[in-house]
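Have a look at the structure below, then the notes.
Only the coordinates and a few stated rules stand behind these numbers; no lab work does. On a predicted model such as this, the values are computed, not experimentally measured, just so you know. In this analysis, Cβ positions are derived from the backbone assuming ideal geometry, glycine residues included, and neighbour counts consider all displayed protein chains.
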Amino acid sequence: MTTHQLVALSFPLLTALAVAVVALFVRRPWTEKPVEVGSPSRERVLEHVERLNAEIEVKTHLVRQELRHLKNTR
């Protein structure tokens, strides 16, 4: 193998090494405090899902109207 081929083949290993160095020594995960995420109440989740469903229904209605309009203009 030529020197260029060896250098090219070593790039994935060098990339993995760089990621490991950053993850271990720059970020220092052992000093980070765990993030406490409060559990959302069931009602809030249900309200959010209902809002999303309403948005989907409105968009579906608009798309159907547009399709009807396109069929009628042909």
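The overall shape of the chain, judged from the alpha-carbon gyration tensor, is oblate: a/c is not under 1.5, and a/b is no greater than b/c.
Only one residue of 73, 23, 41 has its Cα farthest out toward the positive end of the dipole of the chain, where Lys and Arg carry +1 and Asp and Glu -1 on Cβ, and that residue is 73. For the range 20-25, putting each phi into the Karplus relation 6.51 cos²θ - 1.76 cosθ + 1.60 with θ = phi - 60° gives couplings of 5, 5, 5, 5, 8, 9 Hz, in residue order, rounded to whole numbers and with x for Gly and Pro. For the range 1-56, the dipole from Cβ point charges (+1 on Lys and Arg, -1 on Asp and Glu) about the Cα centre works out to 300 debye, to the nearest 20. In whole Hz and in residue order, list the ³J(HN,Hα) couplings for the range 54-63 that follow from phi through the Karplus curve 6.51 cos²θ - 1.76 cosθ + 1.60, θ = phi - 60°; x for Gly and Pro. Using θ = phi - 60°, the values come out as 5, 4, 5, 5, 5, 5, 4, 4, 5, 5 Hz.
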